[in-house]
């Protein structure tokens, strides 16, 4: 497993916040394939929980269940005390869940600023009629949304590229823009699907720092899927491991790194720690 990113370490132990997300015995099948097989996890307020596993282990399917893109055949998902198991993605987003995608989902031809402003759409209440009748209401609402966006731009250090078309930016900056758009919604839960895919080491270090800043300064809980084990071990409070859709381990990062079932899943064999007899 890779060396550290240089990011600040996660808080010691599990944060003291209340449970904000609770998934119980989730099952999702696609034909004869069981992609998620009775997976249960919980996430506390202010916690960074990583979900890891080899390719095809069911990680993205799991977060698609949590964010409403898929519906489980069995199990229950509770967010902030409300059952969201059967809710649509836009309803779940309004409750305070935002996500990024493994494949970038930014709008080409639009600036960084405009892409981030789109993250505020779930909070917009005025329409053409109300704005025409009460222009001051529309102006006030736009100012409020822009203030929220400016705070995120400052947090993620995007000021220098705010007016640049997103398609002209390096992938590391584009992924930061996607993170900014998710944070602009001011979510209570931020779901990140491989936010560092395609990044070099320096870009990974920046992104790790920004994820920690989002947790510390905005109070956002984070559910993280990531292949870069150095990042997972540096910034996560706890780690859940999937393999072929089955939850095979859960614990603190150091415990997971040395867990025999995790080592076997990644390497196909147990670590050799001493002489054989």
Practice task
Consider only pairs whose beta carbons are under 7 Å apart and that are at least six residues apart or on different chains; among these, list those whose first residue lies in the range 211-234 and is touching a residue at least 60 places away in the same chain (Cβ under 8 Å) and on the phi > 0 side of the Ramachandran plot and whose second residue is assigned to a loop (DSSP other than H, G, I, E, B) and surrounded by fewer than 23 Cβ atoms within 10 Å (Cβ to Cβ).
Solution key: 219/46
Exercise for the section: Might you check whether a residue that is in contact (Cβ under 8 Å) with a residue 12 or more places away in the chain, assigned to a strand (DSSP E or B) and touching a helix residue (DSSP H, G or I) at 6+ places or on another chain (Cβ under 9 Å) occurs anywhere in the range 61-77? Expected result: yes
Exercise for the section: Identify all residues within the range 243-277 that are at pLDDT 90 or above and touching a helix residue (DSSP H, G or I) at 6+ places or on another chain (Cβ under 7 Å); write none if there are none. Expected result: 243, 248, 249, 253, 256, 262
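Give the residue, chosen from 175, 181, 215, that is in the same structural domain as residue 28 (by TED's automatic domain parsing), closer than 30 Å to residue 147 by Cβ, touching a helix residue (DSSP H, G or I) at 6+ places or on another chain (Cβ under 9 Å) and part of a helix (DSSP H, G or I).
Exactly one residue qualifies, and that residue is 215.
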Exercise for the section: From the list 104, 118, 179, pick out the single residue that is at pLDDT below 95 and under 20 Å from residue 208 (Cβ atoms). Expected result: 104
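Residue 69: at pLDDT 95 or above, in the same structural domain as residue 219 (by TED's automatic domain parsing), out of contact with any strand residue (DSSP E or B) (no Cβ under 8 Å at 6 or more places or on another chain) and within 25 Å of residue 243 (Cα to Cα), yes or no?
The answer is yes for residue 69.
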Practice task
Tell me, yes or no, whether the range 234-241 has at least one residue that is more than 25 Å from residue 206 (Cβ to Cβ), in the same structural domain as residue 192 (by TED's automatic domain parsing) and under 21 Å from the mean Cα position of the chain (by Cα).
Solution key: yes
Exercise for the section: Could you grab me the full set of residues in the range 235-251 that are outside any loop (DSSP other than H, G, I, E, B) and either touching a strand residue (DSSP E or B) at 6+ places or on another chain (Cβ under 8 Å) or on the phi > 0 side of the Ramachandran plot (or both)? Expected result: 235, 238, 239, 240, 241, 242, 246, 247, 248, 249, 250, 251
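The values are calculated or read from the model by the stated rules, or taken from the named source; none is laboratory data. All figures in this text were calculated on a predicted structure; none of them were measured in a lab. Note that we place each Cβ from the backbone using ideal geometry, even for glycine, and neighbour counts take in every protein chain shown.
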